[in-house]
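Inspection log for the structure reproduced underneath, given as structure tokens.
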Amino acid sequence: MSRVLRAVATSAAIALAACVTAGPVPMMGSARIAADFDTYRLQRVALLPFRAVDRTSGTLAAHEVGTLETSFHAELASATPYDLIPLRGEDLAAVLPPDPFRDGWYTPDAIRLLRDRFHLDGIMVGTITSRRVVPPQVLGVQLDLISCETGATIWSADLMLDAARNDVQEAVAVWSEGSLGKDDGGAMVLLSPRRYAHFAAHQLARLL
């Protein structure tokens, strides 16, 4: 990142700190939940590898996907009541055909195989819909929770975070001060892809 970009991002974030005080972090995403969600027994839930699809700039690099998966597992595991199990590509290769979740289609056979192999109640499938790691960062995520009992998607959330937007900058500043103890207007979060991913995961976890 150039010094000019870094200086602009940092200056903008610090300026926001002067007018933003710590409090409830504004919600940036939205979720759809099944009417009978509370009837499902959800204890052991797998987090599948994210689909590396970025509609704005092509396929994401493997290390970028790894950063996102690590961030989302950490936040979701701490913020939800589930025993969240991260599954990797090698875990799935032994039991599933190639790309069983292509185009958002979750086959009953694939779900049953995962349920029986890993003793699961549910499966989380994440898709990266947009990504830019150069400031101002952009991160779009869709996250689905599928019941292993019925094969139905019982919760689905969408999030689009564009750091060029004032509301996103303000939400980052509040979260940074409250969760990280950093009164810098969220400057480091706006510059760091890893911390920005943690912020996104925190946003989605609050919707579940």
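The values are calculated or read from the model by the stated rules, or taken from the named source; none is laboratory data. Everything numeric in this text was worked out from a predicted model, so none of it was measured. Ideal geometry is used to build each Cβ from the backbone, glycine not excepted, and the neighbour counts take in all protein chains shown. Each accessible area value is taken on the protein alone, full model and side chains, heavy atoms only, with ligands, DNA and RNA left out. Shrake-Rupley method; radii C 1.70, N 1.55, O 1.52, S 1.80 Å.
The table below lists the values:
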{"quantity": "Options SER30, SER78, SER57; residue that is modelled with pLDDT under 90 and open to solvent by 50 Å² or more (accessible area, probe 1.4 Å)", "calculated": "SER57"}
{"quantity": "Selection from segment 147-175 of residues that are acidic (Asp, Glu) and under 18 Å from the mean Cα position of the chain (by Cα)", "calculated": "ASP158, ASP162"}
{"quantity": "LEU48 being under 30 Å from LEU190 (Cβ atoms), at pLDDT 95 or above and within 14 Å of the chain's Cα centre (by Cα)", "calculated": "no"}
{"quantity": "Among (1) open to solvent by less than 20 Å² (accessible area, probe 1.4 Å); (2) of a type in the set (A, V, I, L, M); (3) at pLDDT 95 or above - the single one VAL125 does not satisfy", "calculated": "(3)"}
{"quantity": "VAL133 in contact with a strand residue (DSSP E or B) (Cβ under 8 Å, 6 or more places away or on another chain), of a type in the set (Val, Ile, Thr) and either within 20 Å of HIS198 (Cβ to Cβ) or modelled with pLDDT of 95 or more (or both)", "calculated": "no"}
{"quantity": "Residues satisfying the stated conditions in segment 128-156, i.e. of a type in the set (Asp, Glu) and open to solvent by less than 60 Å² (accessible area, probe 1.4 Å)", "calculated": "ASP144"}
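Yes or no, residue by residue, for (1) within 30 Å of ARG41 (Cα to Cα); (2) among the hydroxyl-bearing types (Ser, Thr, Tyr); (3) at pLDDT below 90; (4) surrounded by fewer than 22 Cβ atoms within 10 Å (Cβ to Cβ):
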site: ASP158; (1), (2), (3), (4): yes, no, no, yes
site: ASP183; (1), (2), (3), (4): no, no, yes, yes
site: TYR196; (1), (2), (3), (4): no, yes, no, no
site: PHE199; (1), (2), (3), (4): yes, no, no, no
site: LEU207; (1), (2), (3), (4): yes, no, no, yes
